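Notes follow the structure.
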Number of protein chains: 2
Amino acid sequence: MRISELSEHSGIPVASIKFYIREGMLPRGTATSATRADYGDEHLARLRVIQALSDVRALPLARVKEILSLIDAPDETPYATLGRAVSALPPYADETNTDRARETIERLGLTYDERFAAVGQLEAAIRGIEAAGLTWDAETAARYAGPLLRVAAAELLPLAELSESEQVSYAVLGTAMYEPAILALRRLAHQHLLATRATDDDM
Amino acid sequence: MRISELSEHSGIPVASIKFYIREGMLPRGTATSATRADYGDEHLARLRVIQALSDVRALPLARVKEILSLIDAPDETPYATLGRAVSALPPYADETNTDRARETIERLGLTYDERFAAVGQLEAAIRGIEAAGLTWDAETAARYAGPLLRVAAAELLPLAELSESEQVSYAVLGTAMYEPAILALRRLAHQHLLATRATDDDM
């Protein structure tokens with residue numbers, strides 16, 4: 001398809017598409033004449049990814065580029081790639097002392113790897129919870145870890161059926177894009193439980 | 001304690017404390033002379049809440065005020081208060097058509113209430129997931145909803161032991177402050193599962 005059709009199908013203005021090409025975020029189309037290029041479904045798919053990360057997740061351009069480059073040139077293992085991809089997603093924790101996170105991770109029997117950005121993110125989260133006067137002890141951590149391990153295991157199931165490059169794209173995008181749904185569902189679950197309990201009380 | 005001691009205990013500068021008092025976010029201390037006031041533990045606790053919301057969750061001042069006013073003057077039921085509190089937390093979704101969220105909520109057997117901000121948040125999340133080329137169908141939704149209902153139920157358990165005003169404070173702060181821990185734990189669970197699977201493959 002032509003660039004005008006690519007714009008129509010994606011809903012992204014031609015000027016933005018040209019910008020993404022200049023920035024190396026979107027591959028050039030196949031030249032069909034001196035002034036025309038042909039674009040395929042892979043361009044449309046890539047534009048969707050850019051839009052999802054920059055519009056829906058509101059990530060700055062530099063972070064979107066970082067994630068795209070991981071999708072294009074993954075590290076040796078999905079483990080390493082996912083680790084780096086997570087560093088490109090908010091929150092950008094900058095904790096040097098991660099003792100509390102380490103304690104939680106080890107007590108839960110999870111793998112502790114200080115290079116992994118989520119360790120610092122957990123440390124910052126724990127400090128925030130306690131700063132607000134809320135509890136973070138073994139029981140509280142277990143309340144979250146059990147169900148979230150089940151979520152994570154179910155999310156990784158489809159990986160086996162994907163090619164290696166698809167795995168990385170799925171892991172990176174999945175981490176970024178399912179998070180808002182998880183938070184919304186937890187809030188809806190609270191609301192549902194309060195609503196049904198309130199009804200029980202009325203009867 | 002004096003304002004200087006309150007500052008020392010909370011780590012918040014005296015000027016900021018005075019600012020919060022002027023803005024009505026922190027109650028005045030009890031005047032002990034024309035120029036001195038006495039502050040108690042309730043002031044320290046309130047400062048912790050302000051700090052957690054504004055620093056850790058990086059909420060703008062107007063949103064912090066909104067949440068504090070909900071804690072101080074809750075709606076008739078915890079259900080209504082929590083609903084309003086969630087509107088003060090990001091993401092600030094502005095969806096008018098919430099058909100996809102409604103479909104998901106009803107299929108999961110949860111309570112659908114269009115006044116509740118998490119409905120629009122779920123709608124935005126679903127659109128983002130699909131815009132990125134990922135799947136949101138009945139099976140995917142169930143993958144998250146089951147474990148998150150368990151999380152939510154466990155989180156609400158301590159509510160029964162709290163007074164009504166404590167309930168609101170706990171529900172509002174809990175919604176805001178445990179979210180980063182949930183996201184970090186999910187990311188750590190992925191990393192753990194990939195790490196242990198990688199090890200399995202090596203053997």
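Table for the structure above
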{"quantity": "Residues (open to solvent by 60 Å² or more (accessible area, probe 1.4 Å) and modelled with pLDDT of 85 or more) located in the range A:49-97", "calculated": "A:P60, A:L61, A:A62, A:R63, A:K65, A:E66, A:N97"}
{"quantity": "Hits in the range B:1-18 - residues which are over 20 Å from B:A31 (Cα atoms) and among the hydrophobic types (A, V, I, L, M, F, W, C)", "calculated": "B:I12"}
{"quantity": "Options B:P158, B:P180, B:P147; residue that is in a helix (DSSP H, G or I), open to solvent by less than 50 Å² (accessible area, probe 1.4 Å) and either under 22 Å from B:E66 (Cβ atoms) or aromatic (F, W, Y) (or both)", "calculated": "B:P180"}
{"quantity": "Selection count where residues are in a helix (DSSP H, G or I) and either of a type outside the set (S, T, N, Q) or surrounded by fewer than 24 Cβ atoms within 10 Å (Cβ to Cβ) (or both), scope the range B:106-130", "calculated": "15"}
{"quantity": "Condition check for B:A138: facing another protein chain (nearest Cβ under 7 Å) and either touching a residue at least 24 places away in the same chain (Cβ under 8 Å) or closer than 26 Å to B:I67 by Cβ (or both)", "calculated": "no"}
{"quantity": "Which listed residue, of A:I129, A:I50, is closer than 25 Å to B:A93 by Cα, over 22 Å from the mean Cα position of the chain (by Cα) and among the β-branched types (V, I, T)", "calculated": "A:I129"}
{"quantity": "When residues of the range A:20-39 are limited to those that are of a type in the set (A, V, I, L, M, F, W, C) and surrounded by fewer than 14 Cβ atoms within 10 Å (Cβ to Cβ), the one farthest from the chain's Cα centre (by Cα)", "calculated": "A:A34"}
{"quantity": "Odd one out for B:Y79 among (1) over 23 Å from B:L159 (Cβ atoms); (2) under 16 Å from the mean Cα position of the chain (by Cα)", "calculated": "(1)"}
{"quantity": "Test: residue in the range B:155-175 that is over 21 Å from A:A141 (Cα atoms), without any contact (Cβ under 8 Å) to a residue 12 or more places away in the chain and either more than 7 Å from chain A (Cβ to nearest Cβ) or over 16 Å from the mean Cα position of the chain (by Cα) (or both)", "calculated": "yes"}
{"quantity": "Inter-residue pairs, beta-carbon under 9 Å, first under 12 Å from B:S10 (Cα atoms) and in the range B:33-52, second outside any strand (DSSP E or B) and among the aromatic types (F, W, Y), 6+ apart", "calculated": "B:R46/B:Y20; B:L47/B:Y20; B:I50/B:Y20"}
{"quantity": "Criterion violated by A:W136 - all others in (1) at pLDDT 90 or above; (2) aromatic (F, W, Y); (3) under 22 Å from the mean Cα position of the chain (by Cα) satisfied", "calculated": "(3)"}
{"quantity": "Test: residue in the range A:95-102 that is of a type in the set (S, T, Y) and over 19 Å from the mean Cα position of the chain (by Cα)", "calculated": "yes"}
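The values are calculated or read from the model by the stated rules, or taken from the named source; none is laboratory data. Just so we're clear, the structure is a prediction, and the values are computed from it rather than from any experiment. With ideal geometry, Cβ positions are generated from the backbone for all residues, glycine too; neighbour counts draw on all protein chains shown. In case anyone asks, the SASA skips ligands and DNA or RNA and just uses the protein heavy atoms, side chains included. Shrake-Rupley method; radii C 1.70, N 1.55, O 1.52, S 1.80 Å.
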